[in-house]
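See below for the structure under consideration.
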Amino acid sequence: MAFHYGDVVWADLDPSRGHEQMKRRPLVVVSNERYNRLCNLSMVVPITSRETGYPLHIDVGLVPGEEGKAPIRGFAEAEQLKALDLTARDAVLVGRIDEAGMARILGPVLGCLVTPAMTIIG
């Protein structure tokens, strides 16, 4: 299955190491369709249900649970950006984040990737 920018999926992140998120959890796809198709990978940001006040955790509201499970209040963890083969990680599409929500997520994600002297032109 091809995943798209803004998709929310549940996927298995094990095995993990160190401070990486682990277990089965929701993720938001932040890469575009061309990248996803060409690489057979998707850039994703994990979503946590823990409110920590950390500035790189972006409130995304309610995230649908997997089949038969309750939704969670979610916070996208911009500092945990990763490229994953979602098919190999048994990803299941559960929803989408709208353009405004994606803009809130991408600002901190891009901020983690560029130097202070770089300018992002939209």
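The values are calculated or read from the model by the stated rules, or taken from the named source; none is laboratory data. In this text, all values refer to a predicted model and were calculated from it rather than measured experimentally. Cβ placement follows ideal geometry from the backbone for every residue including glycine, while neighbour counts extend to all protein chains displayed.
Data table
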| item | result |
| --- | --- |
| Close pairs from segment 84-100: first without any contact (Cβ under 8 Å) to a residue 60 or more places away in the chain, partner part of a loop (DSSP other than H, G, I, E, B), Cβ under 8 Å, at least 6 apart | Asp85/Asn40; Asp85/Leu41 |
| Restricting segment 35-69 to residues that are touching a Leu at 6+ places or on another chain (Cβ under 9 Å) and assigned to a strand (DSSP E or B), the residue that is surrounded by the most Cβ atoms within 10 Å (Cβ to Cβ) | Ser42 |
| Close pairs (8 angstrom Cβ cut-off, 6 or more residues apart or separate chains): on the phi > 0 side of the Ramachandran plot in segment 35-58, modelled with pLDDT under 95 and in a strand (DSSP E or B) anywhere | none |
| Residue within segment 85-101 that is basic (Lys, Arg), modelled with pLDDT of 90 or more, touching a Ser or Thr at 6+ places or on another chain (Cβ under 9 Å) and more than 20 Å from Leu113 (Cβ to Cβ) present | no |
| Breaking point among (1) among the polar types (S, T, N, Q); (2) touching a Ser or Thr at 6+ places or on another chain (Cβ under 9 Å); (3) at pLDDT 90 or above, for Asn40 | (3) |
| So Ala100, is it of a type in the set (A, V, I, L, M), out of contact with any Cys (no Cβ under 9 Å at 6 or more places or on another chain), loosely packed, with under 15 Cβ neighbours inside 10 Å and closer than 17 Å to Ala11 by Cα | no |
| Filter pass, Val28 being crowded, with 18+ Cβ neighbours inside 10 Å and under 19 Å from Gly111 (Cβ atoms) | yes |
